[in-house]
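Working notes, structure below.
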Amino acid sequence: MVSGLLGLLWSQQRRLIYFPSDGPVPPAATVLSGARDVVLRTADGLELGAWYLPGTGGPAVLVLPGNGGDRAMRAPLAAVLHRMGLSVLLVDYRGYGGNP
């Protein structure tokens, strides 16, 4: 019984660790006022979607949402950082937020 449970957990480990969103991420401006969609091109030719929220010219913050969702879920954090005068770049990993 224990070996069966361990086998099931082992076979489903990716589903238990990674939680990519199901659909496409909405346009940046519909979620964050003043934000814009940007595309980051990788060295191997992929185009990754991201959002940029310009600040007042001071420091910038890079927000990587991690394995639990996409950049839309981190919009409240970006809004708080932006109110502090910071520029914010929200980037999803490959396979998340509609990225290939």
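The values are calculated or read from the model by the stated rules, or taken from the named source; none is laboratory data. Remember, it's a predicted structure, so these values are computed and weren't measured experimentally. Here Cβ is always computed from backbone atoms with ideal geometry, including for glycine, and neighbour counts include all displayed protein chains.
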(Q) Here are the criteria: (1) at pLDDT 95 or above; (2) touching a strand residue (DSSP E or B) at 6+ places or on another chain (Cβ under 6 Å); (3) of a type outside the set (D, E). Tell me which single one R74 does not satisfy. (A) (1)
**Q.** All positions within the stretch 43-68 that are closer than 16 Å to A28 by Cβ and at pLDDT below 90
**A.** P65
Q. If you scan the stretch 82-100, which residues turn out to be in a helix (DSSP H, G or I) and either surrounded by fewer than 20 Cβ atoms within 10 Å (Cβ to Cβ) or on the phi > 0 side of the Ramachandran plot (or both)?
A. R83
Q: Might you let me know whether the stretch 43-64 holds any residue that is part of a loop (DSSP other than H, G, I, E, B), surrounded by fewer than 16 Cβ atoms within 10 Å (Cβ to Cβ) and in contact (Cβ under 8 Å) with a residue 40 or more places away in the chain?
A: yes
